[in-house]
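I have placed the structure first, in the form of structure tokens, so that the comments after it can refer back to it.
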Amino acid sequence: MNVRCVVELTLEEREELEQMLAGGELGARKLKRAQVLLGSYRGLTDAGLSEALGVGTSTIYRTKRRYVEGGLAHALSEKQRPGARRKLSGREEALLVATACSKPPAGRAKWTMELLADEIVRLTDHDELSSETVRRRLKENQIKPWQKRMWCIPAVNPEFVARMEDVLDLYTGPADPNAPVVCFDESPVQMVEEKRAPIPAKEGQTERYDYEYRRMGVANLFVFVDAHRPWREVKVTKQRTRFDFALCMRDLVDVHYPDAEKVRVVMDNLSTHRPGALYETFEPDEARRILRRLEFHFTPKHASWLNMVELEIGFLSKQCLDRRIPDIDTLEDETCAWVEARNASGVRIEWLFSAADARRKMGKLYPAPIERPEPVRTSVAVY
């Protein structure tokens, strides 16, 4: 027998329910219960609520009864549904996870749902196990054995730490016009020519371009970016040789920073990034003159994220190069226009990661100092 339940909401409960309905971020069933409680408090009958909200009168009665018996939180929550019994026990699920994280069988590149199901049947007393059961249990544990990610795992040794902190000190130190910090790197660009002219965009239709194209060779971009002021430069070349690197270094000190006493250059360990490249390109006196005004700082191996210019190359790729560029002349024109606009905007990269941050966040990876045994003192008798 149904007992009549009267909903008497407090001011705080009404405000909480109205805020829930205004937010709209809760589940549909919970929102319906909130509407039932507010509507019942405002005097609507069960039949009226059922018609207005599209729910059965039994649902309305249960919601009101749960409010009377246990309060607002109890009325908005759901009883635990029994559901079907889990096919795998806790120990068997742990075995499934361990198997999915292990190497696949010989002759197979990766685990599949069917392979895992067969393996669990072999290792347990189950007569059969569906692939769907395996998929659900792996999803609960956020495991995807069919996926792989390529990742560069650097070896954090003393040399890595020394180079990292050297570069970070340059970034976080004060700007010095007599010794600017310039980050330098290269980036290849595949030039592509259209086989058919693209169809321009119009109302109701995006731009269309043909899937066929012609490869027109690869060009190289030398990219410079100042670590402390809004300046960058892009130089387009056909190749990336020691000769091209040496010319870039000469332009850096003679054209871009003629008044600086020394230019501190941050770059990676590419084989062309060597002082000897200047002696291969210029006469000894000229090479020595340029090198006296340069100070090279190398990033650690497999640590391109420490080179600020990598961020600038990312912006260049997205804002300028994300299209088909047919020849080197067009590439020069487009990169020059991008550089002029970006320098004029005054935007610069604000580097926030310091050596102190590295020690705090990567302290466990830092090499421990070697403990040397104290020398043994021996006494020598003199006769």
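Of note:
- Where a residue in region 319-335 is farther than 11 Å from Met191 by Cβ and its partner, wherever it lies, is crowded, with 16+ Cβ neighbours inside 10 Å and among the acidic types (Asp, Glu), with Cβ under 7 Å and at least six apart: Cys320/Glu334
- Every condition in (1) on the phi < 0 side of the Ramachandran plot; (2) surrounded by fewer than 17 Cβ atoms within 10 Å (Cβ to Cβ); (3) without any contact (Cβ under 8 Å) to a residue 40 or more places away in the chain holds for Phe245 except the one numbered (2).
- Residues considered: Val167, Val156, Val121. Of these, the only one that is within 25 Å of the chain's Cα centre (by Cα) and either modelled with pLDDT of 90 or more or closer than 30 Å to Ala260 by Cα (or both) is Val167.
- Test: Leu138 is under 32 Å from the mean Cα position of the chain (by Cα), of a type in the set (A, V, I, L, M) and farther than 30 Å from Glu310 by Cβ: yes
- Any hit, region 328-344, residues being under 21 Å from Asn269 (Cβ atoms) and either in a helix (DSSP H, G or I) or modelled with pLDDT of 90 or more (or both): no
Per-residue answers, yes or no, for (1) of a type outside the set (A, V, I, L, M); (2) closer than 26 Å to Glu334 by Cα; (3) surrounded by 14 or more Cβ atoms within 10 Å (Cβ to Cβ):
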residue	(1), (2), (3)
Lys139	yes, no, no
Gln142	yes, no, no
Met150	no, no, no
Ala155	no, no, no
Leu170	no, no, yes
Ser187	yes, yes, yes
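- Residue satisfying condition, being in contact with a Lys or Arg (Cβ under 7 Å, 6 or more places away or on another chain) and either in contact (Cβ under 8 Å) with a residue 40 or more places away in the chain or closer than 30 Å to Glu194 by Cβ (or both), within set Val309, Val263: Val263
- In the set (1) touching a Phe, Trp or Tyr at 6+ places or on another chain (Cβ under 7 Å); (2) modelled with pLDDT under 95; (3) assigned to a strand (DSSP E or B); (4) of a type in the set (Lys, Arg), the condition left unmet by Lys235 is number (2).
- Gly173 fulfils the conditions (1) free of Cβ contacts under 8 Å to residues at least 12 places away in the same chain; (2) closer than 23 Å to Asn343 by Cα; (3) in contact with a Pro (Cβ under 7 Å, 6 or more places away or on another chain) except for a single criterion, (3).
- Residue in region 248-255 that is of a type outside the set (Asp, Glu), out of contact with any His (no Cβ under 7 Å at 6 or more places or on another chain), loosely packed, with under 15 Cβ neighbours inside 10 Å and modelled with pLDDT of 95 or more present: yes
- Being assigned by TED's automatic domain parsing to the domain that holds His228, more than 20 Å from Arg232 (Cα to Cα), surrounded by 15 or more Cβ atoms within 10 Å (Cβ to Cβ) and of a type in the set (Val, Ile, Thr) holds for only one residue in Thr281, Thr299, and it is Thr281.
- Annotation note: of Ala175, Ala179, the sole residue that is under 30 Å from Val263 (Cβ atoms), small (Gly, Ala, Ser) and loosely packed, with under 12 Cβ neighbours inside 10 Å is Ala175.
- Test result for Ala368, assigned to a loop (DSSP other than H, G, I, E, B) and either of a type in the set (A, V, I, L, M) or more than 21 Å from Gly173 (Cα to Cα) (or both): yes
- Selection status of Gly204, surrounded by 14 or more Cβ atoms within 10 Å (Cβ to Cβ) and free of Cβ contacts under 8 Å to residues at least 12 places away in the same chain: no
- Members of region 309-318 found to be touching a helix residue (DSSP H, G or I) at 6+ places or on another chain (Cβ under 8 Å) and surrounded by fewer than 22 Cβ atoms within 10 Å (Cβ to Cβ), listed by number: Glu310, Phe315
- Within region 40-52, the set of residues being in contact with a Ser or Thr (Cβ under 9 Å, 6 or more places away or on another chain) and of a type outside the set (D, E, K, R) comprises Ser40, Ala47, Leu49, Ser50.
- Test: residue in region 161-178 that is part of a loop (DSSP other than H, G, I, E, B), in the same structural domain as His228 (by TED's automatic domain parsing) and in contact with an Asp or Glu (Cβ under 7 Å, 6 or more places away or on another chain): yes
- Any hit, region 147-167, residues being acidic (Asp, Glu) and closer than 22 Å to Ala337 by Cα: no
- Residues located in region 134-147, provided they are outside any loop (DSSP other than H, G, I, E, B) and of a type in the set (Val, Ile, Thr): Val134
- Number of the exception - Met150 against (1) assigned to a strand (DSSP E or B); (2) closer than 24 Å to Asp322 by Cβ: (1)
The values are calculated or read from the model by the stated rules, or taken from the named source; none is laboratory data. Quick caveat, the model's predicted, so the values are computed rather than measured. Here Cβ is always computed from backbone atoms with ideal geometry, including for glycine, and neighbour counts include all displayed protein chains.
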